[in-house]
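K.L.:
Got a structure for you, questions after.
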Amino acid sequence: MTEQHAIAVLGGGSFGTAVADLLAENGHRVHQWMRDPEQAEAMR
């Protein structure tokens, strides 16, 4: 059984989003921070 971690991803570009998605799909709790609040809201 793998351990679940809380992970922060800084940035919402293509790479940051791909990493956050992959981590979430593998059962980790992911918090993603973005500089632009409008972009962040659109990704919710």
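The numbers here are math on the coordinates, done by the rules we state, and not lab data. Worth saying up front: this structure is predicted, and the values here are computed from it rather than measured. Because the Cβ atoms are built from the backbone with ideal geometry, glycine has one as well, and the counts that use them run over all protein chains shown.
K.L.:
Do any GluC sites (Glu not before Pro) in the chain lie in a DSSP loop with no more than 13 other beta carbon atoms within 10 Å, and if so, which?
P.N.:
Working: sites: E3, E25, E38, E41; in loops: E3.
For GluC sites (Glu not before Pro) across the chain that sit outside H, G, I, E and B with at most 13 neighbouring Cβ atoms in 10 Å, the list reads E3.
K.L.:
For the chain, give the magnitude of the charge dipole about the Cα centre (Cβ charges: +1 Lys/Arg, -1 Asp/Glu; no others), in debye to the nearest 20.
P.N.:
Working: 3 positive and 6 negative charges, 17 e Å.
Value, rounded to 20: 80 debye.
K.L.:
Quickly estimate the mean residue ellipticity at 222 nm for the chain, helices only: each DSSP H run with n ≥ 4 gives -39500 (n - 2.57), and the total goes over all residues, rounded to 500.
P.N.:
On the way: 2 runs with 19 residues, N = 44.
Per the formula, -12500 deg cm²/dmol.
K.L.:
Net charge around L23, counting only other residues with Cβ within less than 15 Å of its Cβ (Lys, Arg = +1; Asp, Glu = -1)? Could you put the intermediate results ahead of the total?
P.N.:
Working: positive: R29; negative: E3, D21, E25.
Taking every Cβ under 15 Å from that of L23, the sum is -2.
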